[in-house]
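Trainee: The structure's right below; bear with me while I get my questions together.
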Amino acid sequence: MKLWQPLFATALSVALCGQLHADTKTLKLGHPQAPTSAFHAGAVEFAEQVGKLTNGRYKVEVFPSGSLGGEREMVESVQLGTLDFVVTSTGPVGNFVPDTLITDIPFLFRDYDHARKTLDGPIGQEILTKFPAKGLVGLAWGENGFRNLTNNKKAVNVPEDMKGLKLRTMENPVHMTAFRTLGAQPTPMAFTELFGALQQGTVDGQENPIPVIVSSKFGQVQKHLTLTGHVYSPALIITSVPLFNSLSAADKKVVQDAARLGAAKMRAKVNEIESSGLDALRKEGVSIVSTIDKAKFQSALEPAYAEYAKRFGADKIERIRQVK
Ligand code: PAF
């Protein structure tokens, strides 16, 4: 059991709304991360806004820490109608809506500004139009952050250092291709299993954004961190087509507005933990490689880029690179 994981599945926070109606409808939102995470900040903001903007006609209960399942399972539950909302990284979403996979290409986005502009602009909005065909509604792009590598074996400075490392990855074919190309052994695993797997040495390392590494207390079970920033990891607030279509036009707008505010809160929390998180990890004894030669990693990834170009179209990838 993870140190931060609640002992039982319980809603940590409930939408705070002025008054509750006799016929208040309660909806459930699940997410995989700790209550101190950026995902949780975004989820709570979404819940509060839905409560406030509907004057308590709707109440959203937030279930953190994967207490309702891993990301893939929760997306499935939303699709099946047994869960109302999920905040998830794009990691497993490509298995449902393949158009999202392009966002998972390594070193695609220059920085946070580039990623956020792309997802909030025409490209991100075009991807969201693909969700309803899969029974899902992508309400807003939130954020997990730029992913960095941790492990227990050695300091990773150059791509060759990754050879043979057994790394937990998300259940995401784009990421797995990249790590295989770099000579690591990608081991897909649900995030809910990860702390235990690192603790027991089932895997040598993992990769996640600083806010996740800090809020999940991976500093307790990992010795080395390299600020690879190898993949930008977007997040999404997702609901189902039947639930969304059951809402009045005004309530649809409320849910969309609340999702955008939740996503903005998530990004603000990512900014905050990005700047304070490294000191916290150093204090836990993690040794940090702060700079890498990105060009070396990109050149080692050439065979993977050739595969991505075939799969997604070089023009589509270039269109993202060109967003200013
Ligand atoms: O590593 C993952 O699976 C994802 O980054 C996470 C932490 C579940 C996103 O919420």
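The values are calculated or read from the model by the stated rules, or taken from the named source; none is laboratory data. As the structure is a prediction and not an experimental result, all values here were calculated from the model. Note that each Cβ is placed from the backbone with ideal geometry, even for glycine, and that neighbours are counted across all protein chains shown. Just so you know, the surface numbers come from the protein's heavy atoms only, side chains and all, with ligands and any DNA or RNA stripped out. Shrake-Rupley method; radii C 1.70, N 1.55, O 1.52, S 1.80 Å.
Trainee: Would you be so kind as to identify which of P64, A300, L167 lies farthest towards the positive end of the dipole of region 7-321, taking Lys and Arg as +1 and Asp and Glu as -1 on Cβ and the Cα centre as origin?
Mentor: Result: A300, furthest along the dipole toward the positive end.
Trainee: Would you work out which of N152, P132, L119 lies farthest towards the positive end of the dipole of region 111-153, given +1 charges on the beta-carbon of Lys and Arg and -1 on that of Asp and Glu, about the Cα centre?
Mentor: N152
Trainee: Report the local net charge at L243: Lys and Arg +1, Asp and Glu -1, summed over other residues whose C-beta lies under 13 Å from its C-beta.
Mentor: +1
Trainee: On to the next question. Below 14 angstrom from the Cβ of V62, what's the summed charge of the other residues (Lys, Arg +1; Asp, Glu -1)?
Mentor: Neighbourhood net charge equals -1.
Trainee: In whole percent, how big is the carbon plus sulfur part of the accessible area of the chain, probe 1.4 Å, protein atoms only?
Mentor: Summing carbon and sulfur atoms, their accessible area is 53 percent of the total for the chain.
Trainee: Please give every one of the lysines within straight-line cross-link reach of K252, meaning a C-alpha to C-alpha distance under 28 Å, and leave out same-chain neighbours fewer than 8 residues apart.
Mentor: Of all the lysines, those that pass the test against K252 - Cα under 28 Å, at least 8 places apart if same chain - are K25, K28, K52, K59, K117, K130, K134, K265, K269.
Trainee: Do any trypsin sites (Lys or Arg not before Pro) in region 48-143 lie in a DSSP loop with no more than 16 other beta carbon atoms within 10 Å, and if so, which?
Mentor: Of the trypsin sites (Lys or Arg not before Pro), the ones in loops of region 48-143 whose Cβ has at most 16 other Cβ atoms within 10 Å are R110, K130.
Trainee: Work out the FRET efficiency for T82 and D257 from their Cβ-Cβ distance, taking R0 = 25 Å, and round it to the nearest 0.05.
Mentor: 0.45
Trainee: For region 7-321, what does the alpha-carbon gyration tensor say about shape, rounded, prolate or oblate, given a ≥ b ≥ c as the root eigenvalues, a/c under 1.5 as rounded, and a/b over b/c as prolate?
Mentor: prolate
Trainee: Using a cut-off of 13 Å between beta-carbons, work out the net charge of the residues near V286 (Lys and Arg +1, Asp and Glu -1, V286 not included).
Mentor: +2
Trainee: Taking the Cα centre of the chain as origin and charging only Cβ (+1 Lys, Arg; -1 Asp, Glu), how large is the dipole, in debye to the nearest 20?
Mentor: Using Cβ point charges on Lys, Arg, Asp and Glu, the chain gives about 180 debye.
Trainee: Follow-up question, since we're still on this one. Size of the dipole of region 137-246 about the Cα centre, Lys and Arg at +1 and Asp and Glu at -1 on the beta carbon, nothing else charged, in debye to 20?
Mentor: It works out to roughly 280 debye.
Trainee: From the Cα gyration tensor of region 34-93, with a ≥ b ≥ c the square roots of its eigenvalues, which class applies: rounded if a/c is under 1.5, or else prolate if a/b is larger than b/c, or else oblate?
Mentor: Because a/c hits 1.5 or more and a/b fails to exceed b/c, region 34-93 counts as oblate.
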